[in-house]
Each structure stands twice: as structure tokens, then as C-alpha cells.
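The values are calculated or read from the model by the stated rules, or taken from the named source; none is laboratory data. Everything numeric here is computed off the predicted structure, so don't read it as measured data. Neighbour counts run over all protein chains shown; Cβ positions are idealised from the backbone, glycine included. All accessible areas refer to the heavy atoms of the entire protein, side chains included, with ligands and DNA or RNA removed. Shrake-Rupley method; radii C 1.70, N 1.55, O 1.52, S 1.80 Å.
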Amino acid sequence: MGKHGEDLGVVAGLVRASFLVNAVYAESAREYGLTVPQGQLLCVLMGRPYGMGDLGATLGLEKSSLTGLVDRAVRRGLVRREPDPDDRRAVRVVLTDEGRDLAADFYAATCRRVDDLAAGWSGPDRDRLAALLGRVVRENEVPTVFLDVV
């Protein structure tokens, strides 16, 4: 099973699809001068500012890894730390104007590339895939790391 032209099982299909999407995402990140984690950071912050704890949980990063990622993004002028209005001891990570512009461009290009993976599919097939993937995401409580494209 799994040879060209044969159906895949759920596990192989999901794993191989994740590799395909990750490769497309990484290619897009490279073209925008980003690492994959930097691209993920920008896409997550498009929705709203995050405190460091929530950001680490959403991205699945330990505190030291997250601090390094945010520090590098600050040095590039893509994000800034600002005081958390609800907790004087905490900071929130916010996109700068430059970061917001780069995030929007990167996001749009990445969406086009991922959408192209199923470009030849009929509307009903695309809708069925979206419904099934949505169910997997909801049932496994996957954090919002990429906004929904309609």
C-alpha cells in the first residue's frame, strides 16, 4: 500500500500530507527570508497579540526556545514586546507594521501554495476534505496557528 496511484490509510495519508504541507510552508518561508518558526510566529500573531505563556503553548515551544525566537524577530523589526495591560509583570508580543505587512504577504502566498495542492479537485471533494480535516482539528483541540481561508 502507498505506491503511486494506490489509496493510503488514514495514518499514512495524514503523515504524508503533513510532510507535503510542511514542505510547501518551508519553501514559502525561505522565499520570504523567514525560518519556519518565524513564519509560524507571524501567522499566529496576525490574529491578536499573545502573552509569552500563551504563545509558547500555541507554538509548542519551551520558554527558552520561544524567547530566542521572539528575540530574533524583535531584532528584525517584525515584532515588539509591550506591557500586558492586565499584568504589569508580563509582556505581550505584537506585530510591528513591518511584521504585519510581511505576515500578510507570507500568509497570502502560503495559502495560495497550499490551496494549489488540491487545485484540480471538484468543489464537493474540496468541501469534503475541509470538513474531515476540520473535524480532526476540532476533536484534537489544535490551537489556531493558521487562520481559516474562505
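Of note:
- Looking at region 15-70, the GluC sites (Glu not before Pro) that sit in a DSSP loop and have at most 16 other Cβ atoms within 10 Å of their own Cβ are Glu62.
- Longest to shortest principal axis, alpha-carbon extents of the chain, angstrom: 56, 31, 27
- A Förster radius of 35 Å combined with the Cβ-Cβ distance from Asp115 to Asp84 puts the calculated FRET efficiency at roughly 0.45.
- Nearest-ten-degree value, helix 36-47 long axis tilted from longest Cα axis of the chain: 80 degrees
- Region 1-59 - percent of accessible surface contributed by carbon and sulfur, probe 1.4 Å: 59 percent
- Each of Arg126 and Arg75 was given a label point 7 Å from its Cα along the Cα-to-Cβ line. The distance between the two points is 4.1 nm.
- GNM top mover of Val74, Val93, Val15 - the chain, alpha-carbon springs below 10 Å: Val15
- Folded to 0 to 90 degrees: helix 123-139 orientation relative to the chain principal axis, Cα: 50 degrees
- Residues whose placed amide H lies under 5 Å from that of Ala90, excluding near-sequence neighbours: Asp84
- Table column - 3J(HN,Hα) (Hz), region 76-88, Karplus curve with 6.51, -1.76, 1.60, x for Gly and Pro: 7, x, 8, 9, 9, 9, 9, x, 7, x, 9, 8, 4
- Applying 1/(1 + (r/R0)^6) with R0 = 30 Å to the Cβ-Cβ distance of Glu98 and Ser64 gives a FRET efficiency near 0.70.
- Estimated [θ] at 222 nm from DSSP helical runs (n ≥ 4, -39500 (n - 2.57)) normalised by residues in the chain, nearest 500: -20000 deg cm²/dmol
- In the full protein context, region 1-124 carries 62 Å² of accessible surface per residue, based on a 1.4 Å probe and ignoring ligands, DNA and RNA.
- Sites Arg138 and Ala23, calculated FRET efficiency, Cβ-Cβ separation with R0 22 Å, nearest 0.05: 0.30
- Helix 10-31 axis, angle to the chain major axis (alpha carbon atoms, nearest 10°): 50 degrees
- Close amide H contacts of Gly51 (hydrogens built in the peptide plane, cut-off under 5 Å, sequence separation of 5 or more or a different chain): Val93.
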